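Please read the structure below before turning to the comments.
What follows is calculated from the coordinates using simple rules that are stated; it is not laboratory data. Nothing here was measured: the structure is a model prediction, and the numbers come from that model. Positions of Cβ are generated from backbone atoms using ideal geometry, with glycine treated the same way; all protein chains shown enter the neighbour counts.
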Amino acid sequence: MIQDSPHLIDAIRDRFAHVDSCPFQGPRIFFENAGGALTLKSVVETAAFFASIPDNPGRMNPAGQATQNVIDKAKADLAVFMNAPSGQFFAGESGTELLFRMIRTACLGAPRGNKVIGSSIEHPATRSAARRWAEIAGLDYVNVQHDNDTGRVTPAAYAAQMTPDVAVATIVHASPVTGIGMDVAAISKAIRDVSPDCLIVVDGIQHAAHGQLDLAAYDADGYAISPYKVFSRHGYGIAWISDRMTALPHDKLIGAPESGWELGTRDAGSYATMSDVVAYFEWLGEQVSDETDRRARINAAGREIRAYETHLTNAMINGTGNLAGLRDMEHVTILAGADNPAREGLVCIALKDTPSAEVVETLNQQGIRTHIRKADHYSGNVLEPLGLTDCIRISMCHYNTEAEVARLLTAVRDMAS
Ligand SMILES: Cc1ncc(COP(=O)(O)O)c(C=O)c1O
């Protein structure tokens, strides 16, 4: 276990850039992973190298062939990382843009008068795309309400609203406000039990850094991630689509291969950094298991990340050493409950008498980076039903430590007055 091995946590931290200090601020604890995780040092090197290559991938020269090979390798690596038995990966402008493109294509491919289903816990990326393209395509939008106390939307809640004419469905894998994960495989099954051919698009953007991606189990048609939230860099998104989604009429150049979804010249460096991310998961799996198979190592890494992040969120909620946890601080409310087994590395809180902006600023002054979420178009769907105008998001990854958690607990305790 990571928490029992100081050597391993050091080795993990050593692989990430700016792990304990910010070039703009100086020493700081990074609890803003849901806004963008730390970047692997290997990604920084790879990105710099490919930024210097002028050649177009695929051209008949050594650089064109080499960069095409890098892209092909990254797609093969992603298939292992995310356990994709078929379908294809491609890059786009961002996770949001790819979700819009997949949802738009699915809606425009559905017969008028059919339905699109999604839930109130989703990020606006999927909700906005589904509502907009449902209207344009002449489809009715069906909203599945999430549970305020647990922050979850259940398979039963989807099932209760399902009808055979639901042609498109959206699912968020984890909420970036509460950090609570959904049972995507079970929700997908609940959808297919009633509408077997429904096109299902999953937003995996918040979940990806927390390990355990398994496309084969989700039985979906689209899945999007944002690489900067899973240890790569900003500037692009990655989507996986099923063969069925691939074949739908979609944006492409006239005369180009029917199966192509990529638009414009490819950035080989962006793909290359995804291979770095996959290699990192394999390395971690090797440290925590005796597995030799690539996928088995990635699975082992995912299980370890889950266990260690749960250890960290438990320490934050229940206390560590002789420090009381957030649940025992009278001035603190924990969103989605103190005991929530679906929590993925994130604790979201509100303080009784202190505005969240002030809390985030006070923490910043002490070198602890967190983030405010407001009841705006990003987070209003979660906060408004709870009667909150804002909250403080403390988001962790497996390179954070219990000592960092202790620093945060001390700082929050001292805000009690
Ligand atoms: C669940 C989820 N969906 C969508 C987004 C938007 O991602 P991006 O800004 O990378 O397109 C985020 C960003 O945090 C997210 O967590």
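Quick look at the values:
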quantity: Cα-Cα separations in the stretch 246-291 greater than 12 Å, expressed as whole percent; calculated: 71 percent
quantity: Base-10 log of normalised Debye intensity for the stretch 85-140 (one unit scatterer per alpha-carbon) at q = 0.12, 0.15, 0.16, 0.23 Å⁻¹; calculated: -0.29, -0.45, -0.51, -0.90
quantity: Rh (Kirkwood; distinct C-alpha pairs) - the stretch 275-362, Å; calculated: 15.2 Å
quantity: Distance histogram in 10 Å bins (all Cα pairs of the stretch 45-278, percent per bin); calculated: 8, 33, 35, 17, 6, 1
quantity: For the stretch 77-94, 3J(HN,Hα) per residue [Karplus equation, 6.51 cos²θ - 1.76 cosθ + 1.60, θ = phi - 60°, Hz, x = Gly/Pro]; calculated: 4, 4, 5, 6, 4, 9, 6, 9, x, 8, x, 8, 9, 8, 9, x, 5, 6
quantity: Longest exposed-site-free window of the chain, the sites being chymotrypsin sites (Phe, Trp or Tyr not before Pro) in a DSSP loop that have at most 16 other C-beta atoms within 10 Å; calculated: 25-377
quantity: Segment Q365-V80, extension gain: residue separation times 0.36 nm, minus the distance between their alpha carbons; calculated: 98.4 nm
quantity: Part-to-part distance (alpha-carbon centres) for the stretch 212-231 and the stretch 368-417, which is given in Å; calculated: 25 Å
quantity: R0 of 56 Å, Cβ-Cβ distance A66-D328: FRET efficiency to nearest 0.05; calculated: 0.45
quantity: Sorted by Cβ neighbour density within 10 Å, fewest at the top, the residues M1, M82; calculated: M1, M82
quantity: At R0 = 35 Å, FRET efficiency that the Cβ-Cβ distance of W283 and R132 yields, to 0.05; calculated: 0.25
quantity: Alpha-carbon centroids, the stretch 90-145 and the stretch 232-306: separation in whole Å; calculated: 22 Å
quantity: Equivalent-ellipsoid semi-axes of the stretch 131-188, from the Cα gyration tensor, Å, largest first; calculated: 22, 14, 10
quantity: Estimated vicinal HN-Hα couplings, Hz - the stretch 337-347 in sequence order (Karplus 6.51, -1.76, 1.60; Gly, Pro = x); calculated: x, 6, 10, 10, x, 8, 5, 10, x, 9, 10
quantity: For the chain, alpha-carbon Rg over 2.2 N^0.38 Å; calculated: 0.99
quantity: Cut-off 19 Å, label 7 Å out along Cα→Cβ of H234, residues of the stretch 257-275 by amide N; calculated: 267, 269-271, 273-274
quantity: Dimensionless Rg ratio for the stretch 309-399, taking C-alpha atoms and the 2.2 N^0.38 Å reference; calculated: 1.06
quantity: FRET E, pair E358, C22, Förster distance 25 Å, beta-carbon r, rounded to 0.05; calculated: 0.75
quantity: Computed helical MRE - 222 nm, the chain, DSSP H runs ≥ 4 contributing -39500 (n - 2.57), nearest 500; calculated: -12500 deg cm²/dmol
quantity: Hypothetical label at E258: residues of the stretch 79-110 whose amide nitrogen lies under 17 Å (7 Å Cα-Cβ projection); calculated: 87-88, 109
quantity: Hydrodynamic radius by Kirkwood, which averages 1/r over all alpha carbon pairs of the stretch 191-332, in angstrom; calculated: 18.3 Å
